[in-house]
Every structure is written in C-alpha cells, then in structure tokens.
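The values are calculated or read from the model by the stated rules, or taken from the named source; none is laboratory data. As the structure is a prediction and not an experimental result, all values here were calculated from the model. Here the Cβ positions follow ideal geometry from the backbone for every residue, glycine too, while neighbour counts run over all protein chains shown.
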Amino acid sequence: MWPRLAEAWRRPGGYRPGAMLTRLSLDWPELDSLDAEEEGERRFRFPHGDWSFSARERVEAGWLAHVVACEFRLSVPGAPGRARIRLRHGGFWRRSGIVVDLLDGDAAALAPLLERLRADADLRVALSPLDFKRCELHGGQDGWQIHLEPYGASEVACRLPLLRRYIGLRGVQGLAVLASLAACRRALLAEEAGRS
C-alpha cells in the first residue's frame, strides 16, 4: 500500500495513466493490443506472429511540465549471464552506422555477440532511421530483455502555458521500432542457437 501511495504522490498533476498507451494503440491498428497486469503498461502482438512485446509509460516530471515517454520491452529466451549492452547511432552530425558498447558483463564471453551486433546489416538498417533516446540489451538469469525508448510515442504536458502535445509513432518511426525489436530478437536468438 505504501509504495503505491508514494508513487501516486510523485505523479505530476495532469498525468493520465494509460492515456498515452491508448493513443499508441491508435497509431498501430494492425497490432493486437492486450491489457497488461500493471497500470501504465500494455502488450502488443502481431496478429499472426508468435511473439509480443510490452509498452510501458515512463513519467519525467519537471517544473510546471512533465513528459510521458514510452519504453518498449521484449523478452528473449537464453542464458547469457549478467550483461548490459547499449546500441546507439554513430557519427556526430550524420548517422554513420550503429555503435555497440558493453556497459556490464564479461567482455571475453560476450565478444562474439558484440561482433554479431556490429556486423548485423538488418539491425543497422532497422535502427538507422529511428530517433531514439535509449536502446539496451539486458542479460540475466531469465534471459535477455530488450529496452527501447524512442522519441516518438511520447507526450509533453505544460501547466503554464497550458499545453499538451502528443508525438506520434506513425509511418517510418513506427515501422523502425517494430523492425528494431525484430532485428535485436533475431540476433539474440541466433547467438543463443550458436552457443548450444
């Protein structure tokens, strides 16, 4: 009870849990949208696909304003041990490919996966057009989890001046999110298959 009360106290005024995820569902009418167990979270599944991913609202409070961002998560089976890998755009002014950084884990054991990710043309093509804040692969006892937070699928709300603006995830950006999740998933599954 106390953690929920503390969470409600920290929420900025005007935040509407689940409202942004409803708008995201309208951006992706071709995907099946399923309610999740937690407030501010929703699952999406391809109609004829065998995998699904979740979208979770993340609130960043500021003075007289707040941002509701969407973080996409996809679980991939495997036994990688502890690992944290960050994918980001290369190049300062222009995008020049994908940079793969190992943030945590055994560098020697993860070297083949890091090379696979660096050389993966599908992953590079999927991530190149995507405007994203964060893309990380987390490994643990339960397998891999992909965390992807694009700039799209977010909402900015101000109290002064009174304003609420939704940044949609349609067209190229929406397709790039789906393609990036699929490319990361395929690379991780290929790595696990190569180890067994």
Count - residues of segment 98-115 that are touching a helix residue (DSSP H, G or I) at 6+ places or on another chain (Cβ under 6 Å) and modelled with pLDDT under 95: 2
Residue check for Tyr151: within 24 Å of Trp28 (Cβ to Cβ) and modelled with pLDDT under 90: no
Filter result for Pro112 (in contact with a strand residue (DSSP E or B) (Cβ under 7 Å, 6 or more places away or on another chain) and surrounded by fewer than 13 Cβ atoms within 10 Å (Cβ to Cβ)): no
Residues that are at pLDDT 90 or above and of a type outside the set (Gly, Ala, Ser), drawn from segment 70-80: Cys70, Glu71, Phe72, Arg73, Leu74, Val76, Pro77
Output for segment 145-174, where each listed residue is over 17 Å from Glu41 (Cβ atoms) and within 13 Å of the chain's Cα centre (by Cα): Tyr151, Gly152, Gln173, Gly174
Cβ pairs under 7 Å, 6+ apart, first in segment 19-30 and touching a residue at least 12 places away in the same chain (Cβ under 8 Å), second in a helix (DSSP H, G or I) and surrounded by 15 or more Cβ atoms within 10 Å (Cβ to Cβ): Asp27/Gly174; Trp28/Gly174
Segment 61-77, residues that are surrounded by 12 or more Cβ atoms within 10 Å (Cβ to Cβ) and not hydrophobic (A, V, I, L, M, F, W, C): His66, Glu71, Arg73, Ser75
Among residues of segment 32-69, those that are modelled with pLDDT of 90 or more and either polar (S, T, N, Q) or over 16 Å from the mean Cα position of the chain (by Cα) (or both), counted: 2
Lone unmet requirement of (1) under 23 Å from Glu136 (Cβ atoms); (2) among the aromatic types (Phe, Trp, Tyr); (3) exposed (fewer than 13 other Cβ atoms within 10 Å of the Cβ) for Phe44: (3)
Residues located in segment 34-69, provided they are in a strand (DSSP E or B), in contact with a helix residue (DSSP H, G or I) (Cβ under 9 Å, 6 or more places away or on another chain) and under 30 Å from Pro161 (Cα atoms): Glu41, Ala55, Arg56, Glu57, Val59, Ala61, Val68, Ala69
Test result for Ala126, over 19 Å from the mean Cα position of the chain (by Cα) and either under 17 Å from Leu178 (Cα atoms) or touching a residue at least 12 places away in the same chain (Cβ under 8 Å) (or both): no
Qualifying position, being of a type in the set (Phe, Trp, Tyr) and surrounded by fewer than 14 Cβ atoms within 10 Å (Cβ to Cβ), among Phe132, Phe92: Phe92
Where a residue in segment 40-51 is within 27 Å of Glu155 (Cβ to Cβ) and its partner, wherever it lies, is surrounded by 13 or more Cβ atoms within 10 Å (Cβ to Cβ) and of a type in the set (A, V, I, L, M), with Cβ under 6 Å and at least six apart: Arg42/Leu21; Arg42/Ala36; Arg42/Ala55; Arg43/Ala36; Phe44/Leu31
